[in-house]
Amino acid sequence: MRGPLALPSPLTRSAVRVPGRLSAAEFFIEAMTDSVQRLMTTCPDALVGVDIGVEDVPSGSFDWASLDRVPLAAAVDATYARPARIVIFRRPLERRASDREDLRDLVHVTLVEQLSALTGRSMHDLDPEVDDDF
């Protein structure tokens, strides 16, 4: 069964969702949360001073003109005014994944790659179980 069970009503103001199935956006946030928690156990000091965020698609605030494909994420070094940032792009990752379990793995590998780029640590130092040939 897909979609809402009932249309929005004056009392609920929203459609009734199918129980037990997360939306694509909810699943993605869950995968990101799981990935950050995994990194907090394997290498918690690498996340200090790093803001991690999610955007649906790459925005105009980054320079993508030099790339020949849509980026999956961006890592921005810290400045005196703001901490380092990692931005993960949901839609490009969803398009590359074959299923939800593949998406969960791809999210983690992408986050570890970006954190590796920011910290200068190897991916295996950040998470010894990561498959960098993903």
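Between ARG82 and ASP102, the simple label model (points 7 Å from Cα in the Cβ direction) yields a spacing of 3.3 nm. Given their separation in residues at 0.36 nm each and the Cα-Cα distance between them, ARG91 and ARG121 gain 8.1 nm when the chain is fully extended.
For VAL70, no residue 5 or more places off, or on another chain, has a built amide H under 5 Å of its own.
Rule-based calculations on the coordinates, nothing more; no lab input. Note that the structure is predicted; figures quoted are calculated from it, not measured. Glycine also receives a Cβ, built like all others from the backbone with ideal geometry; neighbour counts cover every protein chain displayed.
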